[in-house]
1. Counting only residues 5 or more places away or on other chains, whose amide H sits under 5 Å from the amide H of THR417 once H atoms are built in the peptide plane?
2. Could you please state how large a percent of the accessible area of segment 81-133 is carbon and sulfur, counting protein chains only and using a 1.4 Å probe?
3. What is the Cα centroid distance between segment 351-388 and segment 57-123, reported in whole angstrom?
4. Quick one: give the max-minus-min coordinate of the C-alpha atoms of segment 79-204 along each principal axis, largest first, in Å.
5. Ranked highest first by the average count of other Cβ atoms within 10 Å around their residues, in what order do 165-173, 285-293, 339-347 fall?
6. Please say if segment 50-90 is rounded, prolate or oblate, where rounded means a/c under 1.5 for a ≥ b ≥ c the square roots of the C-alpha gyration tensor eigenvalues, and otherwise the choice is prolate for a/b larger than b/c and oblate otherwise?
7. First select every other residue whose beta carbon is under 11 angstrom from the beta carbon of ALA43; then total the charges, Lys and Arg +1, Asp and Glu -1.
8. For segment 24-99, go through all pairs of different Cα atoms, get the mean of 1/r, take its inverse, and jot down that Kirkwood value in Å.
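The values are calculated or read from the model by the stated rules, or taken from the named source; none is laboratory data. The structure presented is a predicted model; accordingly, all values stated were derived computationally and were not measured. Here the Cβ positions follow ideal geometry from the backbone for every residue, glycine too, while neighbour counts run over all protein chains shown. Surface areas here come from the heavy atoms of the whole protein model, side chains and all, with no ligands, DNA or RNA. Shrake-Rupley method; radii C 1.70, N 1.55, O 1.52, S 1.80 Å.
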Amino acid sequence: MTAGGPAAMNDGDDKGGLRAALGGLTTRGRSFLAAGIAAAVCAYVLGQGDLLRVGLLLATLPLVCVAVLFRTRYRVAGTRRLSPSRVPAGTEARVHLRMENVSRLPTGLLMLQDRVPYVLGPRPRFVLDRVEAGGRREVSYRVRSDLRGRYPLGPLQLQLSDPFGMCELTRSFSAYDTLVVIPRTEPLPPVRLAGEASGYGEGRQRALALAGEDDLIPRGYRHGDDLRRVHWRSTARYGELMVRREEQPQRARCTVLLDTRRIAYQGTGPDSAFEWAVSGAASALLHMLERGFAVRLLTDDGSSVPGEGEGGFAGSTHESADSAGLMMDTLAVVDHSDGGGLSRAYDVLRGGNQGLLVAFFGDLDEEQAAVAARMRRSGGAVAFVLDSDAWVQGESHGAALAGAEERLRLLRESGWTAVLVQPGADLAELWQLAGQQSTVTQSALSGGATGGTTGFTGGWS
């Protein structure tokens, strides 16, 4: 990543550059200049020629340093490289800087400084000794943030000073890079969740494409195809051998719903309930993508990521890495919404097959719990409900706990596998618990019959 191309140390027009150079006088340089002027005035008043010479020397020295720096024509190229450019919260990233002298003259003493947001740590500064013509210097520093987000790095600045410390000139490169701090994630255990939607798991079912003559999807004949699959009507129509494509793969789907309503969460900071929900959604997304599911991220306001293709789900398997990066970037900057309900998300889910539904809810009142209950349609649904009062107070008390249990009961009666999230809960343990509860829920829905419902066989291992 390029932090800046070749940059001359005397950028700007002559008048503007000279004013900038005079403005770069240090405290020492200003003191010398003021002392020289004062000495010259006193020498004129007192008629002392020796004092006048001293005053001229004191005043001239900083001006000479300004002129020398103003005429300096160093050309320096700088590059910045992030390793990596996307890191989980609480993880360090290393920034590599390389400076190259592309002029024909060696440089003097240079101070290199990179601008970084205060949440990433102190501003890094490096002193570079004389860099020969065509030479290069490489330095690096580390950044770390406990808060997710997108943080600009740069622009890179070079500071040039004279040997006497009378003047300092600063030049900035124009380019900058961005460090993306994504939510913390944790690996989830292999569990088996029951549901009625087909096509989930490693042993994904295949849907017949030939339900009748109108639904036939023929393709061209390829070497090795069984001649009994030749479709003669299509062959006559296209003028070449066509065979029946009797089956086509149906990819598993999963929707991860994140409740971002401001009124549903209390507290702030890295250990707040909202940050736990964001981290949980990120972990679930990565887990499902690793299992080969087509995944989308849905928020309470109806926004869907990646948002392209049918239903807004991620593309084919080879696009999973790009889809994961896009969703992680979205979660890196997701914030509270001002909405008061889940109706927009319900409208999106009602419009199509959401597949397996994994939801992370904040506080649910009776009305929103009823909306959430209706979101579960034919497929499996798992809800992690956070009691934000408990996250602020340390534990649930009385009526708050009873209300949360009532919301969970309403979800479970609608076919959800609902788990209450207490402060400091471990997502991997709750994920395991959800797998156990889903078996019980499915048995209750099917009346204990075996083989009556298609499960997510192998899809979570």
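1. Correct list: ALA381, VAL382, ALA383.
2. Details: 1470 of 2950 Å².
The value for segment 81-133 is 50 percent carbon and sulfur by accessible area.
3. A separation of 52 Å, based on Cα centres.
4. Principal extents (largest minus smallest coordinate, Cα): 78, 29, 22 Å.
5. Numbers: 165-173: 19.4, 285-293: 21.3, 339-347: 17.7.
Result, highest mean first: 285-293, 165-173, 339-347.
6. Values: a/c = 11.52, a/b = 3.16, b/c = 3.65.
Oblate.
7. Details: positive: ARG53; negative: ASP50.
Local charge sum for ALA43: 0.
8. Working: mean 1/r = 0.0614 Å⁻¹.
One decimal place: 16.3 Å for the Kirkwood radius.
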